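Visitor: I have a structure I would like to understand better, so I am pasting it below and will then ask my questions one at a time.
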Amino acid sequence: MKLQQLRYIVEVLNNNLNVSATAEALFTSQPGISKQVRMLEDELGIQIFGRSGKHLTHVTPAGQEVITIAQQILSKVEGIKAVAREHTQPDEGKLRIATTHTQARYALPDVIQGFIKRYSKVSLHMSQGTPAQISDAAAKGDADFAIATESLHLYNDLVMLPCYHWNRSIIVRKDHPLARKKDITIQDIGKYSLVTYVFGFTGRSDLDAAFAKANVEPKIAFTATDADVIKTYVRLGVGIGVIASMAIDSKIDNDLVRIDASHLFKASTTKIGFRRGSFLRGYMFDFIERFAPHLTKNVVTQAMLLKNNAEVDELFADVELPTK
């Protein structure tokens, strides 16, 4: 059994059982991968992948167990390499972050600016996507950190640490009736078409829950993953906007009226996560603390020793998180 063979079966799964795509991703040949996978199966005496002719069709139950262990082994190998680099090149390396547009656009710029200034030899990469894409990238090792608010059940394989709470605001054009109304209610909002986040993005589930609790059916006219896009369509008169308060710039958005909605919708919590069992470089601990100052190296290390995210939540139960 070779590490190369374990890497091949993991990458075949990551590429949706497409051997050609796997070969291209690993800069090797398709026959070479097929041969090594067959050799591993022969050695183990099981089928890892089901087949129809030359095509892989599914992962067998035994194969899934083998691949899960292979992922853990490869993660440990990367950890060993990271330990070595931490001693030989402490301020060099790379940091890959997977997050949503709102975090990338409004929560992270100052953090990243300071981080890059301090660690000029660390290559930083950011990808944006849906909660499912973010968790998948972190679980596969394609991202070091996942920063998310929604669908946290997708992140069970990660250590998820609470960073801050955030609230929502209503945005309307200056000529809208709500721009002059005080003490807005869910019923008031329900009278108008809404422009807000796509379901599964940026606290959308808390918004839907608030409408359901008030027994009001929201009139969703337009959804987007990007707060800037939502503001554009509010300006066009498509509807009133419901977005994260941190996504509103008093100078850039001075043509819109912002109405605080923290009394209407439950505050959401943004978390940062990484694969359980990962070795975190010194600059990774520093990035976490820059993003959430209460997450010091000692606190993060303590959380890493816990068994699951339920225990992590208990650890932070009495911690007063900042609100944005």
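Visitor: So, of the residues in segment 232-247 that are of a type in the set (Val, Ile, Thr) and modelled with pLDDT under 95, which turns out to be farthest from residue 179 (Cα to Cα)?
Guide: 243
Visitor: Can you tell me which residues in segment 293-324 are under 24 Å from residue 79 (Cα atoms) and small (Gly, Ala, Ser)?
Guide: 303, the sole residue that qualifies.
Visitor: Across segment 81-105, which residue is farthest from residue 131 (Cα to Cα) among those that are surrounded by fewer than 19 Cβ atoms within 10 Å (Cβ to Cβ), free of Cβ contacts under 8 Å to residues at least 60 places away in the same chain and aliphatic (A, V, I, L, M)?
Guide: The selected residue is 84.
Here's the yes/no breakdown for (1) open to solvent by less than 70 Å² (accessible area, probe 1.4 Å); (2) in contact (Cβ under 8 Å) with a residue 60 or more places away in the chain:
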residue	(1), (2)
27	no, no
31	no, no
44	yes, no
49	yes, no
61	no, no
66	yes, no
70	yes, yes
79	yes, yes
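Visitor: Going through 270, 196 one at a time, which residue ends up being touching a residue at least 40 places away in the same chain (Cβ under 8 Å) and touching a Cys at 6+ places or on another chain (Cβ under 9 Å)?
Guide: 270
Visitor: Could you grab me the full set of residues in segment 273-311 that are modelled with pLDDT under 95 and among the hydrophobic types (A, V, I, L, M, F, W, C)?
Guide: Answer for segment 273-311, where residues must be modelled with pLDDT under 95 and among the hydrophobic types (A, V, I, L, M, F, W, C): 274, 279, 280, 304, 305, 306, 310.
Visitor: Also, I was wondering about something else. Can you spot a residue in segment 240-262 that is in contact with a Leu (Cβ under 8 Å, 6 or more places away or on another chain), within 24 Å of residue 151 (Cβ to Cβ) and polar (S, T, N, Q)?
Guide: No, because not a single residue in segment 240-262 is in contact with a Leu (Cβ under 8 Å, 6 or more places away or on another chain), within 24 Å of residue 151 (Cβ to Cβ) and polar (S, T, N, Q).
Visitor: Among the residues in segment 155-174, are any assigned to a helix (DSSP H, G or I) and surrounded by fewer than 16 Cβ atoms within 10 Å (Cβ to Cβ)?
Guide: no
The values are calculated or read from the model by the stated rules, or taken from the named source; none is laboratory data. As the structure is a computational prediction, the values presented were derived from the model and not from experiment. Heads up, the Cβs are rebuilt from the backbone with ideal geometry, glycines too, and the neighbour counts pull from every protein chain shown. Surface accessibility is based on the protein's heavy atoms, side chains included, excluding ligands, DNA and RNA. Shrake-Rupley method; radii C 1.70, N 1.55, O 1.52, S 1.80 Å.
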